[in-house]
Amino acid sequence: MLTIPSQRRLIACLSVLWASASFATSAHSQQGSTAYPYSIDEGRLAGAPDRSGLNRPLDRTSRIFVRQGHFFSAGADGIPNTPDDRRTRLYGVSLSFGANFPPGDQAALLARRLRKLGFNAVRLHHLDSLLSDQTDQPYGILTSGPYPSFNTVAIDRLRGLIKALAQEGLYVNLNLRVGYRFRPAVDGLPPLDAGQVSTSLSSPVHAYFPAMADLHETYARQLIRQLNLRGNPALALVEISNESSLLSAWMRRTWSDVQHRNYAPVLEERWRAWLNASYGSVSAACASWSYCAGPEWASALPVPGDRSKEDGVRAEAVRLIERFVQRSAGNRSESGKNNTDTKASHKNRDFLRFLATVDAAYYQRLRQAVHEETDSRVPVTGTQMAFGGVLNFDSHRAMDYLDEHIYVGHPIPGKTDWRDDDWRMANVSATGPEIEHLLALSLRRDASKPFVVSEYNQPFPNPGGAAILPVMAAIGALQDWDGLFFFDYADQWPPPIAPTRFSLAGDWGKLALAGQSAQLFRSNWIPPAAHSLALPLPGSVRLELALSGHADALRRYAERQLGVMPAHAWNYQLAQDLNNSTQSVHWCAPKQPITSGPGLDYDATRQRLIIQTPQAWGIFEPAGSGTVAANGYIANFPGAPKQIAFLMTSLDGRPLRDSNHQLLTLGSATAGTQPGSAPLRPKSVVAYPGKPAWITLEPDAGHAGPSAPRVGHPPTWLLANEVLLDIPNRGEALAVYPLDGAGQRMNALQMTPSSPGTMQVRLQAETAQSSPWFEIVHGKRHPPTARPAQ
């Protein structure tokens with residue numbers, strides 16, 4: 001059992017692996033822009049930034065189910081699949097580790113905070129990752145006893161939190177297995193290899209080893225019972241196994257996590273049974289393959305290395321895909337045989353098919369257990385699409401929805417293994433080339449199922465991280481996805497008050513955009529692309545792409561065989577049609593995708609995304625300057641190019657051109673304070689030594705490593721980016737108020753005539769009146785605490 005300090009260090013490590021005081025002084029960032037001290041008071045937040053009006057308490061009319069490839073709620077009659085069903089998108093956020101267990105008197109406060117930010121769902125994540133015998137502030141739901149031994153205080157607090165969330169209109173996404181590591185000596189299981197005391201974090205042995213699967217099913221059933229989730233309308237989704245599968249272990253070359261000598265014989269026996277069922281006998285399977293060294297070789301488990309040692313496939317997996325594309329188009333060799341089908345390739349094809357069936361059987365067993373403990377309409381998924389690849393379409397055939405994770409600029413180790421004082425991240429932007437990865441997510445979507453991105457972030461301290469919330473909301477709305485879950489709100493209780501790891505709490509320059517991003521995704525302000533491209537992906541193609549082992553095989557196939565690129569997502573809803581066997585080249589896609597869709601316009605040269613709908617106007621650019629105009633407003637970004645995260649939305653539901661009440665948010669980088677600085681100043685983002693394209697945090701004094709831990713110290717600072725905003729003057733009173741951390745109006749900013757019919761105001765020009773939020777009021781009929789339109 002880990003000591004308390006060791007467990008806290010592990011919290012930080014696991015968080016990386018996965019995913020207010022006032023001061024009169026100002027400071028300057030390393031880019032030369034002014035930073036100002038600012039903190040959001042989430043408990044007292046009200047007024048223009050408050051999106052509480054988007055939610056209402058959950059009841060029997062709210063329960064989520066799958067209909068026509070999307071999530072619906074039951075409607076006024078409380079009965080699913082009736083005419084009054086309502087389409088429902090989930091805009092959620094994760095809670096990790098101890099953040100899942102606030103004391104009972106604080107659960108309602110947390111639920112209200114999340115409601116104000118526009119969230120209508122919470123992902124209960126890392127419940128099982130840390131063993132916690134503590135009763136004052138547990139950080140895990142399991143104790144150090146044999147699995148599953150529940151921490152009764154944690155159970156009681158989580159049960160209370162779910163109730164509080166439902167009262168505030170927030171559903172829950174229950175994660176069954178995230179980080180529990182089976183401990184053979186404690187859990188009554190066979191020993192692992194090399195004296196390992198526990199399985200690895202992503203080990204999928206439980207997917208095939210009966211005793212482990214039994215324990216996991218017992219955990220799932222008892223957890224659901226103890227949390228009172230049977231018939232509970234708050235339960236929206238269930239994830240069975242986070243970022244783990246047998247297919248993933250094969251594709252990612254972590255096969256040693258699977259093939260422990262006391263466990264592998266069980267998988268080998270299932271492999272032989274599969275061969276017998278598929279071919280009649282192992283010998284018949286051996287005879288059918290283009291190469292087989294005999295029945296004993298055929299029945300032995302292959303390893304991923306076989307693909308490079310025996311298949312004769314070139315090192316560049318993409319070339320296999322190119323050959324497959326040529327063969328699919330009719331460009332075969334004279335013999336009609338593909339030259340990659342040598343030696344073990346036929347065995348490996350069958351083995352991949354086998355792994356998909358084993359994963360599928362495990363998911364179906366747990367799905368059945370969930371449905372028996374709740375009801376048959378609760379949507380359940382297995383794992384994430386990137387953790388298993390294209391054959392996850394097969395292993396998830398019986399699942400209710402598909403799920404995925406994505407990060408922009410995820411931190412990685414520096415020169416060694418993970419250390420708090422040696423890490424780096426790519427200095428990239430969500431609207432730069434990375435946007436293609438965001439658009440390409442839809443290629444991992446099954447056209448017949450809801451699609452959820454249950455983890456996404458551009459984590460601290462990436463300077464442009466604030467843009468990730470509105471950018472993902474815009475793309476998700478355009479693609480008509482069914483759920484987005486930011487990772488995470490907090491990984492501790494109480495939540496941080498300075499930027500920390502992946503947390504939204506404390507990262508005020510990012511959190512300021514949450515409410516408007518929620519409205520973008522949950523409303524119809526950005527309409528879904530009017531046309532769909534359901535791409536043909538027959539089973540033979542899926543198997544070939546899986547055999548290539550290339551992480552981007554599906555995207556390359558779509559581009560080279562079907563002529564469909566990620567940029568087509570600006571104009572079409574993309575998904576896969578698993579039942580369509582069409583393989584003709586450029587079967588339906590236009591030759592050139594257009595980089596603008598309904599409400600969105602993307603300029604790849606400037607790396608600029610503009611949101612322009614009647615009720616919303618957004619500008620997101622990593623190095624922007626100059627002037628942008630829309631809806632009668634003009635935004636001028638003077639001086640040197642800077643990160644732009646600009647979002648204006650209507651608060652009265654009317655189009656911006658006619659609206660009398662708007663909220664403008666200027667998202668920005670957030671920084672903690674450099675320890676020991678005098679006068680106080682923000683900690684700087686610096687280049688990682690020897691790698692100028694990578695960034696890290698300036699180290700603390702007296703520390704040996706090139707980095708500081710990704711845990712900020714208060715007070716927090718936001719980067720100021722001056723904006724000159726021209727506002728149409730309609731001949732009535734006009735005022736622009738910066739808002740304090742509770743959303744209350746500070747003194748109105750001075751305005752000057754700009755051109756006939758317009759007034760100009762300078763935003764974030766002075767530290768004393770700097771804020772990420774600006775409330776714009778035409779006329780005098782809006783009180784200071786006006787609520788947003790519902």
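Under 10 °C and 1.306 mPa s, how fast does the stretch 153-221 diffuse according to Stokes-Einstein, given a Kirkwood radius computed over C-alpha pairs? Answer in µm²/s, whole number.
111
Between residue 284 and residue 532, what is the FRET efficiency for a Förster distance of 41 Å, r being their Cβ-Cβ separation, to the nearest 0.05?
The pair residue 284/residue 532 has a calculated efficiency of 0.45.
Checking a compactness column here: for the stretch 87-147, what do you get for Rg(Cα) / (2.2 N^0.38 Å), N being the number of residues?
That ratio works out to 1.29.
With a 1.4 Å probe and all protein chains left in place, how much of the accessible area of the stretch 631-790 comes from carbon and sulfur atoms, in whole percent?
55
Largest first, please: the extent of the C-alpha atoms of the stretch 454-520 along each principal axis, to the nearest Å.
Reported extents, whole Å, longest axis first: 34, 22, 17.
Which value, in Å², gives the accessible area per residue of the chain when a 1.4 Å probe is used on the protein heavy atoms?
On a per-residue basis, 36 Å².
Quick check on the chain: helices-only [θ] at 222 nm, where DSSP H runs of length 4 and up contribute -39,500 (n - 2.57) each and the sum goes over total residues. Nearest 500, please.
It lands at -7500 deg cm²/dmol.
Starting from the coordinates of the alpha-carbon atoms of the chain, obtain the Kirkwood hydrodynamic radius over all distinct pairs and give the value in Å to one decimal.
Final number for the Kirkwood radius of the chain is 27.6 Å.
Principal axis extents for the stretch 631-790, Cα atoms only, whole Å, descending order, please.
62, 31, 30
Let's test the formula: R0 of 30 Å, r as the Cβ-Cβ distance of residue 416 and residue 156. What FRET efficiency results, to the nearest 0.05?
With a Förster radius of 30 Å, E is 0.15.
Keeping to pairs on different chains or 8 or more places apart, tell me how many lysine pairs in the chain have Cα atoms under 27 Å apart.
Lysine pairs meeting both conditions in the chain amount to 15.
Given the alpha-carbon gyration tensor of the stretch 186-290, what are the semi-axes of its equivalent ellipsoid in whole angstrom, ordered largest first, with each equal to the square root of 5 times an eigenvalue?
Taking √(5λ) for each Cα gyration eigenvalue gives 31, 19, 14 Å.
Heavy atoms only, probe 1.4 angstrom, no DNA, RNA or ligands counted: give me 373, 296, 559 ranked by accessible area, highest first.
Output order, biggest surface exposure first: 296, 559, 373.
Using +1 at the C-beta of Lys and Arg and -1 at the C-beta of Asp and Glu, which of 131, 119, 109 has the Cα lying farthest in the positive direction of the dipole of the stretch 105-151?
It is 119, whose Cα lies furthest towards the positive end.
Given the stretch 368-515, what whole percent of its Cα pairs are spread farther than 19 Å?
60
Once the piece of chain linking residue 163 and residue 698 is laid out straight, how much longer is it, given 0.36 nm per residue of separation minus the C-alpha distance between them?
Length gained, residue 163 through residue 698: 188.4 nm.
Order the peptides 435-446, 379-390 from the highest to the lowest mean number of other Cβ atoms within 10 Å of their residues.
In decreasing order of mean packing, 435-446, 379-390 become 379-390, 435-446.
The values are calculated or read from the model by the stated rules, or taken from the named source; none is laboratory data. Being a predicted model, the structure only gives us computed values, none of them experimental. Glycine also receives a Cβ, built like all others from the backbone with ideal geometry; neighbour counts cover every protein chain displayed. The protein model used for the area step is the full one, side chains on, heavy atoms only, and it has no ligands, DNA or RNA in it. Shrake-Rupley method; radii C 1.70, N 1.55, O 1.52, S 1.80 Å.
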